[in-house]
Structure formats: structure tokens, C-alpha cells
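Notes for the one structure printed next.
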Amino acid sequence: MSDRSFAGRTAIVGIATSDFRALYGRDPERTREELATHAIRGALEDAGLEKSRIDGLVTGGTSHYEPIAYRAGLTDVRFVADYPSAGRMCAVALMHAAMAVEHSLANYVVLFNSVCFRSQQNRFGYSSGSTGLMYESVYGMASPGAQYSMAFTRYQHLYGGSEAQLGAFALAFRKHARLNPVAIMQDELTLDDYLAARYIARPLRLFDYCLVNDGAVAYIVTSAERARDLRHKPVLIGGTAERANFREWYVDLEFWADACGSMKRDLLDPLGVTTADIDCLQVYDNFSPSVLWGLEGFGFAPRGEGLDWIQDGRIELGGELPVNTSGGLISEAYLQGWNQHAEAVRQLRGEAGARQVPDCKRVLYWCLSALPNASLLYADD
Amino acid sequence: MAYDKPLPVPTREDRPFWEAAREHRFVLPRCRECGHVWFPPYESCQRCLSFEREWFEASERGVVWGYTLMQQPYVPGYRDELPYNVVLVELEEGPMVYSNLVGVPDDEIRPGLAVEAVFEDVTEEFTLIRFRRAEEPSGRDRT
Ligand SMILES: [Zn+2]
């Protein structure tokens, strides 16, 4: 078990997200720096914090930290970390910001991720070059989605379950997105619509896949003590966890059971938090089976029974365990887990409006990828 | 028509593998120090980091772990094949390899299928190892 002794000693105090829906039209001159600057300004306003207090910078998605620091006029920075734009880095970046604050490397750290995938017409899914990837691409294998698809056929072979059952994720997230004005996907989605959509890598369909869009999310991390002087009720950082088992086939052959068990022991057990204490999940839905395996791995659903477990509204607002209340990566926007953290903060402040989870006290995030990671945020009582 | 799909780019790390494949032999690297067998053929053992590897003739047999049917043109040259299968095969020797199943209709592909290697000379220089349904059920058809 890891030492989690600084749980609750740091907090997220300001958040901002782009209007993802407004940004969905392509603009070839849009830049990640521009989107990040908007988000940083929004996070400062939300926190009620003077920009001059920012002394830490954690970046994701930009090609370099300097162009954004110039634009944001950050002139007194004592802590900088620069991460690649990748979902697996989201909770990692949060952890490093919290550690920097806990150890007084910086007092107020601004973090952001900024992407222009749609305007820059990024093509996802095919790359070649390294030894490992070459042994896939010569056979026409490409894209993480195809890897999740392959693992889903294995899962069905072992445990059964239908494609229609898997659709419960896409349907729930779309319902939630329709309560979120900045979510990209606003049209009603029925099971027939889900099943009629094209396959990308069979058995996964279009609405099992995350969006490709532009946008940014920023938040500010400081100590819990300083946070109590700011505008909003602090959202405390319970902790983060990582657990990687690096193998060439990307997906975990046991559907991340070990990784989830390990992260649960590191993140929840030391705080005495159980699955029953989690009020909602804001988790990484790059591809819908990823959510299924996290539900089983963290022990929300029995192993092999997750597809039955998610039916009948259980993961929808009003259900037992609302999941991805802003619409997630599949229906709100693909901001690589950063939008999930922003939604967690809104829920814990009680500011989620029509999609508010009543009396929301604890929110769990996970991302099951080549570098699985998780975080726990909770309300300051 | 010229072969327009991705081709291997061998290096000293894996050149022996591709040279053997061209001779229709399926070889795998094995550690001389600890006996571990691995794939892709890195120069060093994943278990003990020894660089003393040897090549041995694999059984050419395995079992399908999972599969997908690719329906979108992600990979150059594969557009005309759509939809096509990709399988992850667990070799009898332990390692997992990506490949394609040949001669098996899409609706008969399933995890647990026992398979054996076939060699396809895709260019003068390169042979790819694909798999077909095992001719003699090995009794290893399993989940
Ligand atoms: Zn060895």
C-alpha cells in the first residue's frame, strides 16, 4: 500500500472548459495556445484568483510550454511540467501538481490540456515505426479501438453478453450530454440508432468511440488551506494511483483486473472509502468496453456480469451509480479525461444544474490504457 | 500491382526472424540464460535482460485469443480488403502475436480456435506469417 498521507491536503479551486459544441466547426487557424489561454483565464475567474499568484504550470496538448506561458503572461513560475496530450497522463498530471503544492514547490499550479484534433484533421489509429507496432501494421492492425474490440470478443467468449447490452453506455452518456449545453452530441440516441451505426472495428460501432474535437480544460490546484479563502467550496484531492503492466498488445489480457485492484488498494483502501461511498463516476470512455472493465475491476459490478449490471438505467442520472454525467468522451468531448475531472468538480460543488447528482461527496475517475491511472476527488465537509 | 501494404523494416533486432520467415520457417527468440521465450523479437530477454538469445523453430501452432473485423481504412493498402480480420494468437510457446486468419469465414472466427501458421510470400523480399484453422485438432482447443 502506498503512503497517501497528503490526501485532502490539496484541492482543485478553479475550473474552466471550452464550449466544445461551439468549437465543433473546423477552423484551420484555431490554435491550442488560444484555447488554452481561454481556459486558463476561465479557471482564474472561477477561482477568484489573481494571475500573479500562479507560480506553477502543468501543460498538456501544446507542443511546448513556452508559447502558452508567453500568452498567459506567466512571469514568476517555480514549477513546470510538460505532458504529452494523452488520456493516460490526466491523473498523472494532477498528481504531480498536488505533490508540487504539498511540498511547497509551488503554491498555485495551473494545469491544462488543449487539443485541436478536429481543426487540424488529426488522423487517429495508424502509426508505424517501432518494432512492436510493425508486428501489427503489416497485418492491417491499427488503432486502440481495434485493440479494445479484440478484447471485447474475448470478453464475450468468456462471459457472454450482446452488442445491444454494450450500447447502454452510449445511450446513458448521450442522455447526460443532452443536459449539458456545451456537449457536442445533443441528438437523442436510441438503441436502434446505436445498432444501426456503422462498425469501426467490429463488434465496436461508431458510438462506442470517443469524439474527435477541439477544446481545452484548465484547473488550478493549491493547498486545502489556501483553497478555503477562495470563491468556491474546495474540492479536495484524495489522491491518484497508477498501475501499469506494459505489454505489446495494449489491452490487458485480464481486462485490467490487476490494475484496477491495485489502484483501488492504493487509492481507496487507505482512506477507508469503498465502492458504496462513490456517488458518481467520471471515467475514461475512449471506447465503451473500457468503462465496463473498470466497473468490474474496481468491484462495482461482479466479474463477467458488467453488461447485465449496466442495464435499466443503473448508470444513468437517477440510477444507482451515474457515470459520465457530462456526456463523457463519447458525447461531451474528447478532452482526454480532463473534462471528466472538470465535471467531477462541478458535481462536488453542487453546480451541475440539471445533471446534478444529489448530495455528491465522492467522485472516482479512472483511465484504463497502457498506463492505467485513477483519481479520487471529494467534497470538503 | 505493386504490394502497397506496410512492410517490415528489419533491423539487427529482428532480421533473423524475417529471414527465417522468408524460408518458411517460424522462429522465436529464447534466452540462453533463463529459457524465457518472447515476441516481438527484441535483442534482450524481457525476464532477465540477458542479451544472449538463441533462435529456435516454433511449433507454428496456437489458439485465437481474440479477434476484430476491421471496417475502416486505417492502414495504407488495406482499403480493398475491408472488412478483414485481425487476430491475436496465443502461441503454444507462450507469446502473443497479431496476425490474420485465412480461409475462415468471418462468422466462424472465434476465440479458442486452434490455428497453425501459413507462410505468404507477399513480395520477393518478405514473407508474412498468417494462420489457418489447425488441420489436426490438437486437443488444445480451449478457452
Ligand atoms: Zn532471460
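The values are calculated or read from the model by the stated rules, or taken from the named source; none is laboratory data. None of these values were measured; they are calculated from a predicted model. Counting neighbours? That spans all protein chains shown, and the Cβs are built from the backbone with ideal geometry, glycine included. In case anyone asks, the SASA skips ligands and DNA or RNA and just uses the protein heavy atoms, side chains included. Shrake-Rupley method; radii C 1.70, N 1.55, O 1.52, S 1.80 Å.
Remarks
- Assuming charge only on the beta carbon of Lys and Arg (+1) and of Asp and Glu (-1), the dipole of region B:86-125 about its Cα centre is about 240 debye to the nearest 20.
- List A:Ser114, A:Ser52, B:Ser59, ordered by accessible area with a 1.4 Å probe, largest first: A:Ser52, B:Ser59, A:Ser114
- Residue among A:Ala86, A:Ile54, A:Gly306 farthest towards the positive dipole end of chain A, charges placed on Cβ: A:Ile54
- Overall, the accessible surface of region B:59-143 at a probe of 1.4 angstrom is composed of carbon and sulfur to the extent of 40 percent.
- For region A:178-281, the equivalent ellipsoid derived from the alpha-carbon gyration tensor has semi-axes of 32, 25, 15 Å in decreasing order.
- Cα pair count fraction exceeding 18 Å, expressed as % - region B:11-58: 22
- The interface between chain A and chain B buries about 3400 Å² of solvent-accessible area in total (1.4 Å probe, ligands and nucleic acids excluded).
- Interface residues, region A:145-175 - accessible area loss of 40 Å² or more versus chain alone, probe 1.4 Å: A:Met150, A:Thr153, A:Arg154, A:His157
- Per-residue Karplus couplings for region A:28-42, computed as 6.51 cos²θ - 1.76 cosθ + 1.60 with θ equal to phi - 60°, are listed in order as x, 9, 5, 10, 5, 5, 4, 5, 5, 5, 3, 5, 5, 4, x Hz, Gly and Pro entered as x.
- In this Cβ point-charge picture (+1 for Lys and Arg, -1 for Asp and Glu), the protein assembly as shown has a dipole of about 1080 debye about its Cα centre.
- When A:Lys175, A:Lys51 are compared by accessible area of protein heavy atoms, the largest-first order is A:Lys175, A:Lys51, using a 1.4 Å probe.
- Summarising the strand pairing of chain A, around 70 percent of its internal DSSP beta bridges are antiparallel.
- Around the Cα centre of region A:163-224, unit charges on the Cβ atoms of Lys, Arg, Asp and Glu (plus for the first two, minus for the last two) sum to a dipole of about 100 debye.
- Per residue accessible area in Å² of region B:53-125, where ligands, DNA and RNA are left out and the probe is 1.4 Å: 40
- Among residues other than B:Gly103 with Cβ under 9 Å from its Cβ, the summed charge is +2 (Lys and Arg +1, Asp and Glu -1).
- Residues with amide H under 5 Å from that of A:Gly8, placed H, sequence gap 5 or more: A:Ile237, A:Gly238
- Sparse-neighbourhood loop sites, trypsin sites (Lys or Arg not before Pro) in region A:199-273 - DSSP loop, at most 13 other Cβ within 10 angstrom: A:Arg228, A:Arg231, A:Arg247
- Accessible-area order (highest first, 1.4 angstrom probe) of the listed residues A:Leu105, A:Leu253, A:Leu268: A:Leu105, A:Leu253, A:Leu268
- Two-decimal ratio, chain B, of alpha-carbon radius of gyration to 2.2 N^0.38 Å: 1.09
- Report summary: the helix-based calculation at 222 nm, which adds -39500 (n - 2.57) for every DSSP H run with n ≥ 4 and divides by the residues of chain A, gives -9500 deg cm²/dmol.
- Accessible area (Å², 1.4 Å probe, nearest 10) - A:Met89: 40
- Surface share of carbon and sulfur [accessible, 1.4 angstrom probe, percent] for region B:11-58: 43
- Annotation: amide H-H contacts under 5 Å for A:Gly304 (H modelled 1.01 Å from N, sequence separation of 5 or more, or interchain): none.
- For region B:48-118, with +1 on Lys and Arg beta carbons and -1 on Asp and Glu, the positive-most of B:Ala117, B:Leu88, B:Thr68 along the dipole: B:Thr68
- Surface per residue (accessible, 1.4 Å probe) for chain A, Å²: 36
- Under 23 Å from the Cα of A:Lys51 - lysines, other chains or at least 8 residues apart: A:Lys233
- The alpha carbon centroids of region A:35-60 and region B:79-128 are separated by 51 Å.
- Normalised alpha carbon radius of gyration of region B:59-143 [divisor 2.2 N^0.38 Å]: 1.09
- Cα lying deepest toward the dipole's positive end in chain A, options A:Ala69, A:Val291, A:Gln121, charges on Cβ: A:Ala69
- Region A:325-381 versus region A:274-314: alpha-carbon centroid distance in Å: 14
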